[in-house]
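Take a look at the structure below.
The values are calculated or read from the model by the stated rules, or taken from the named source; none is laboratory data. Because the structure is a prediction, the values reported are computed rather than measured. As a convention, Cβ positions derive from the backbone with ideal geometry for all residues, glycine included, and neighbour counts pool all protein chains shown. To get the accessible areas, we keep the full protein, side chains included, count just its heavy atoms, and leave off ligands, DNA and RNA. Shrake-Rupley method; radii C 1.70, N 1.55, O 1.52, S 1.80 Å.
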Amino acid sequence: MSGDTLQVLVAMAAYMLIVVGIGIYFAKRSQKNSENYFLGGRSLGPWVTAMSAEASDMSGWLLMGLPGVAYWCGLADAFWTALGLAIGTYVNWLIVAKRLRSYSIVSGDSITIPDFLSNRYHEKKKIILSISAVFILVFFTVYAASCFVTCGKLFSTLFGFSYHSMMIVGALFVLLYTFLGGFLAESASDFMQGVVMFFALVVVLIFGTIKAGGFSAVIDNAQAIEGFFSLTSIASPTVDADGVQQVANGLPLFGEAGSYGFLTIISTLSWGLGYFGVPQVLLRFMAIRKGKELTRSRRIATIWCFISLAAAVYIGLMGRAMFPVHESLNTSSGAENIFIIISQTLFHPAVAGIVMAGILAATISSSDSYLLIASSAFSKNLYEGVFKKGASDKQVMWVSRIILMVIALIGIAIAWDEDSVIFKVVSFAWAGFGATFGPIMLFSLFWKRTTRAGAIAGMLTGGVMVFVWNLLLRPLGGLWDIYELFPAFVLSCIAIVVVSLLTKAPDKAITDEFEKAKTYQE
């Protein structure tokens, strides 16, 4: 290992030790009971709430997946995705946050999303609870796999180690860390990691623009590639049978630009719909110490999100100007290394290590959330709520740790393919959460007439349609080739409304609780 590489490794190792230290610091407090472990005792301040929500939400795809899309095929796909996410972030904090916090307290002091949905409809037979827990387990396992892919790509690109060994090491580190600290450690470290991610994006953007010859040079280069700097068309890299971009006279080859029409724009903007259903963000709304502090959290989260997303998209365009051709960037999967390549080129190894700790930060901040929420879905909701009612807190905590290990192993298996494209893995899991939980969360919070049967129908319709659309309909192309979140979300909403209107209205106890949540004051 060269001296430069060693310095990068030392800087990143120092960062990881700080993260572990946070886990150890909060370990004792987190182990008091399951509420502390899974929700932190509703004690988060506004800054930690905002930054941990965004850091755990964005994950490694913000620094690798999104710039990779922009580098590979230009502005359109990355821009409309980022815009949808930015709008979704703001609207979610604006309309969902305060109502969910109030309703989760009124409705049995719920500490998980399945808990809340089950309590909201006063379930005796825990069908909603079980459906919610199963979908969370499935989609968060896929999500965790995307984080393990990020770890594997990061360390194999940096240090030349094998992808598989580095992916496993990353998974084990995240597992150990989540095992130790629970929600409080996760949220506190996510705050720090959100700061590191923001710093990494801004520093790379500023120095990369200078290296590329200025902002105008980046834009001129993008405009020179057909469809690359358009919002209504998309660049088409010319690739061989192995998906490797072809080069002529030292320049990358592109074919005729593809169309990026109105329907595609709408389906890409629909990424923003996912926010209404992602548990890692919704839990932060429930965990803040005072509902009135959510206004400050919303402003912090929105500013962080808009700047970070814009920087990530621009870095992809900037990377194409800096590295028109590069052996590590010549496939759609390899293009996701652009942030790493730029960092290695621009900075002293010690500084590069700190900057690239931003990728590690994004990965850890997300994967610990995914593992913790998935394990709580099984231990707290299925084990305690269905299989062994009245289980002790100690039993729930032990089951949670066992499930953590199982999920990590399955995630490693899913992430085993080193050609996995992070953006695609994340997009499927995001669609799953958005369509399964987004509609029912909105209707549960804002439509008093929603019934338990409508909730079940909506969740099943949304969750199943994500698989059906992605695996069966989207490959047909044409009008079917749209992001599965959009049709699945719409169909879930229709199912909720139709079934709710066809079934008996909720009883008075449920509607009274709904009204109480609307006017709840701390």
For residue 207, what accessible area in Å² do you get when you roll a 1.4 Å probe over the heavy atoms of the protein chains, rounding to the nearest 10? 110 Å²
Going by average Cβ neighbours within 10 Å, how do the peptides 504-511, 401-408, 209-216, 310-317 rank, with the highest at the top? 310-317, 401-408, 209-216, 504-511
Treating the beta-carbon of each Lys and Arg as +1 and of each Asp and Glu as -1, no other charges, what is the dipole magnitude of the chain about its Cα centre, to the nearest 20 debye? 2420 debye
Which peptide among 457-464, 159-166 comes first, and what is the full order, when sorted by highest mean count of other Cβ atoms within 10 Å? 457-464, 159-166
Give, as a single signed number, the net charge of other residues whose beta carbon lies under 12 Å from the beta carbon of residue 418, with Lys and Arg counted +1 and Asp and Glu -1. -2
Helix-only CD estimate at 222 nm, as mean residue ellipticity for the chain, using -39500 (n - 2.57) per DSSP H run (n ≥ 4): -23000 deg cm²/dmol
With the cut-off at 26 Å, tell me which of the pairs 124/290; 292/516; 290/388; 292/448; 98/125; 124/516 have Cα atoms farther apart than that. 124/290; 290/388; 98/125
Around residue 45 (Cβ within 10 Å, Cβ-to-Cβ, excluding residue 45; K/R +1, D/E -1) the net charge comes to +2
For a quick size check, give me the Cα extents of the chain along its three principal axes, largest first, whole Å. 74, 51, 39
At a 10 angstrom cut-off on C-beta neighbours, averaged per residue, how do the peptides 409-416, 69-76 rank from highest to lowest? 69-76, 409-416
